[in-house]
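Remarks on the structure that follows.
The values are calculated or read from the model by the stated rules, or taken from the named source; none is laboratory data. None of these values were measured; they are calculated from a predicted model. We place every Cβ from the backbone using ideal geometry, glycine too, and count neighbours over all the protein chains shown. When the accessible area is computed, the model is the full protein with side chains, heavy atoms only, and any ligands, DNA or RNA have been set aside. Shrake-Rupley method; radii C 1.70, N 1.55, O 1.52, S 1.80 Å.
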Amino acid sequence: VEDVRAALARHALPPDALTLEITESALLADTDATLARLHALRGLGVSLAVDDFGTGYSSLAYLHRFPVNVLKIDKAFVDGLGRPDADASLARAVVAIGAALGMRTVAEGIEEAAQAALLRALGCQLGQGFLFARPMPGDELTARLTEERGAVAV
């Protein structure tokens, strides 16, 4: 928690601009200490995301107990979406769980426009994957964001 507080101050980053991702398995490790640490992080104003949701062993009771505000839909539930024989039930279920708990949902591993369209139709608010960009070095990302910001600035 102190490392995050110091990093925010050092980089003059508003806490609401930072989202920390935690895997389901990390949430279940030493739950009392984890819960206290997560509440302290949320107290700083940062967002907390459960990464790879649905692939671990957590229960919905635990999910409701932790102060997270984002569920990340694992790529395994995104693969195949947008194809005629695709089963969107798991992605739909994760989006519904997120909505019921007042959380945003992020789909991982979006590679095709059809996947993005279906996820949007299901109510998934955010997505990441090769459809949007490949991994890149930080300086390249900075240049890209600066260029895009300039392109939309009026």
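Tabulated values for the structure
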quantity: Three principal axis lengths of region 31-73 [C-alpha, angstrom, descending]; calculated: 28, 20, 12
quantity: Extension gain, Val1 back to Asp79 (0.36 nm per residue minus Cα-Cα distance, nm); calculated: 24.6 nm
quantity: Over the chain, relative contact order from alpha-carbon pairs under 8 Å, at least 6 apart, %; calculated: 16 percent
quantity: At most 13 other Cβ within 10 Å, DSSP loop - chymotrypsin sites (Phe, Trp or Tyr not before Pro), region 1-66; calculated: Tyr57
quantity: Whole-Å semi-axes of the ellipsoid equivalent to region 1-65 (Cα gyration tensor, √5λ, descending); calculated: 24, 12, 9
quantity: Compactness of the chain - radius of gyration and Dmax, Cα, Å; calculated: 17.0, 50
quantity: Axial C-alpha extent at least 15 Å, average Kyte-Doolittle at least 0.5 - helices from the chain (DSSP); calculated: 89-100
quantity: Helix-only CD estimate at 222 nm, as mean residue ellipticity for the chain, using -39500 (n - 2.57) per DSSP H run (n ≥ 4); calculated: -14000 deg cm²/dmol
quantity: Highest to lowest packing among 16-29, 101-114, scored as the average C-beta count within 10 Å; calculated: 101-114, 16-29
quantity: For His11, solvent-accessible area (1.4 Å; no DNA, RNA or ligand), Å²; calculated: 130 Å²
quantity: Gaussian network model of the chain, springs between alpha carbon atoms under 10 Å - residue of Ala91, Ala100, Ala76 with greatest fluctuation; calculated: Ala100
quantity: Beta bridges per DSSP with both ends in region 24-154, % antiparallel, nearest 5; calculated: 0 percent
quantity: Contour minus Cα-Cα distance for Ala121 and Thr34 (0.36 nm per residue); calculated: 27.9 nm
quantity: C-alpha center-to-center spacing [region 12-29, region 74-114] in angstrom; calculated: 21 Å
quantity: Using a Förster distance of 41 Å, the FRET efficiency for Glu148-Ala96 (Cβ separation, nearest 0.05); calculated: 0.80
